[in-house]
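Asker: Take a look at this one; I'll ask things after.
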Amino acid sequence: MSYKITRKVASRRLKRRCKYCNIGFIKGNVYYLHRYVSGYDGEIDVYEYLECAKCKYKRNDWEKRYERFKGKCKHPKEYTETFYDYIPGEAVMQPEYDVCTLCSTRF
């Protein structure tokens, strides 16, 4: 399987749109072509899509921003979910642990 990202500049108005925000591309806009090529049993499959520069920046920077947020999260009560589990040998459930749905931290 091969994966390639190519940075391109539109030389004319394109009919294809950004996969994430559905914005069109006019002449001079920068876009990224994502291309997946895989071969199996003598057949070649190709999948490609376009991504605008704004969406690419947001997707690349998301993980860094999320890691910084996880350290600052104060686990507000309205975003805390309690998970229950059965007591061994009984048919009664008890609270097992709480999870912050914003940062996925158990406590």
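Asker: Evaluate region 78-87: report whether one residue or more is of a type in the set (S, T, N, Q), surrounded by 10 or more Cβ atoms within 10 Å (Cβ to Cβ) and not assigned by TED's automatic domain parsing to the domain that holds residue 20.
Answerer: Checked region 78-87: at least one residue is of a type in the set (S, T, N, Q), surrounded by 10 or more Cβ atoms within 10 Å (Cβ to Cβ) and not assigned by TED's automatic domain parsing to the domain that holds residue 20.
Yes/no per residue for (1) within 30 Å of residue 99 (Cα to Cα); (2) aliphatic (A, V, I, L, M):
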residue: 4; (1), (2): no, no
residue: 17; (1), (2): no, no
residue: 21; (1), (2): no, no
residue: 44; (1), (2): no, yes
residue: 48; (1), (2): no, no
residue: 63; (1), (2): yes, no
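Asker: Of the numbered conditions (1) more than 22 Å from the chain's Cα centre (by Cα); (2) surrounded by fewer than 10 Cβ atoms within 10 Å (Cβ to Cβ), residue 71 fails exactly one; give the number of that condition.
Answerer: Here residue 71 meets the rest and fails (1).
Asker: Go through 8, 64, 58 for me and flag whichever is surrounded by 13 or more Cβ atoms within 10 Å (Cβ to Cβ), at pLDDT below 95 and under 25 Å from the mean Cα position of the chain (by Cα).
Answerer: 58
Asker: Separate question: Take the residues of region 31-42 that are assigned to a strand (DSSP E or B) and more than 17 Å from the chain's Cα centre (by Cα): which is farthest from residue 7 (Cα to Cα)?
Answerer: Step by step, filter region 31-42, then rank; the result is 40.
Asker: Out of everything in region 18-30 that is farther than 10 Å from residue 51 by Cβ and not aliphatic (A, V, I, L, M), what residue ends up being nearest to the chain's Cα centre (by Cα)?
Answerer: 22
Asker: Here is a list of conditions, (1) in the same structural domain as residue 22 (by TED's automatic domain parsing); (2) under 28 Å from residue 18 (Cβ atoms); (3) of a type outside the set (S, T, N, Q), and residue 68 meets all of them except one; can you say which number that is?
Answerer: (1)
Asker: Filter region 43-95 down to the residues that are in a helix (DSSP H, G or I) and hydrophobic (A, V, I, L, M, F, W, C) and list them by number.
Answerer: Within region 43-95, 53, 55, 62, 69 meet the criteria.
The values are calculated or read from the model by the stated rules, or taken from the named source; none is laboratory data. Treat the numbers as computed from the prediction; the structure is a model and nothing was measured. Cβ atoms come from the backbone with ideal geometry, glycine included; neighbour counts cover every protein chain shown.
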